[in-house]
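Visitor: Sharing a structure below in structure tokens format, with a few things to ask.
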Amino acid sequence: MSEALEVSQFTVRSEDERGLLDAWERAITTLAASFPGLVSARLAPLGGEEWTDVLVWESRERAEAAAQGASNIPEVADCFRYISDVKAHALVEVAREVSATP
């Protein structure tokens, strides 16, 4: 079973950045506690008001289960209120991985 990547690109108004950072951390912590299989999560600015986040899941099935139930988690809903527009969202299985550490 391959790991899966959930990748999103979205817009956050500059006045909402601080709120997003705090809300995103709470959302990810609660998501991980509610749905097993979240390996890691990263949030990064792309420039301007564009952001991306990448969630690594143990499997596509675990990611899909979390996606189905995430909207019922208040912390996730709170995080979404800082996002003004979703530009892209994809869930893909990892084809190859190379570790940079021995």
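Every number in this text was worked out from the coordinates using simple rules, so none of it is lab data. Worth saying up front: this structure is predicted, and the values here are computed from it rather than measured. In this analysis, Cβ positions are derived from the backbone assuming ideal geometry, glycine residues included, and neighbour counts consider all displayed protein chains.
Visitor: Please determine, in degrees from 0 to 90 and to the nearest 10, the orientation of helix 60-69 with respect to the longest principal axis defined by the Cα atoms of the chain, where the helix direction is its Cα long axis.
Guide: 30 degrees
Visitor: According to the square roots a ≥ b ≥ c of the eigenvalues of the Cα gyration tensor, what is the shape class of the stretch 1-69, taking rounded for a/c under 1.5, prolate for a/b larger than b/c otherwise, and oblate for the remainder?
Guide: Because a/c hits 1.5 or more and a/b exceeds b/c, the stretch 1-69 counts as prolate.
Visitor: Next up: I'd like the Karplus ³J(HN,Hα) series for the stretch 41-58: coefficients 6.51, -1.76, 1.60, θ = phi - 60°, whole numbers in Hz, and an x wherever there's a Gly or Pro.
Guide: 8, 9, 10, 8, x, 9, x, x, 9, 8, 9, 9, 9, 10, 10, 9, 10, 4
Visitor: Can you give the angle from 0 to 90° between the axis of helix 17-34 and the longest principal axis of the chain, with both taken from C-alpha atoms, to the nearest 10?
Guide: Taking Cα atoms only, the helix is inclined about 40 degrees.
Visitor: Let me ask something else about it. For the stretch 4-93, what is the charge dipole size about the Cα centre, in debye to the nearest 20, if Lys and Arg each add +1 at the Cβ and Asp and Glu each add -1 at the Cβ?
Guide: It works out to roughly 80 debye.
Visitor: Also: Where Lys and Arg each count +1 and Asp and Glu each count -1, what net charge lies around R13 among other residues with Cβ under 13 Å from its Cβ?
Guide: -4
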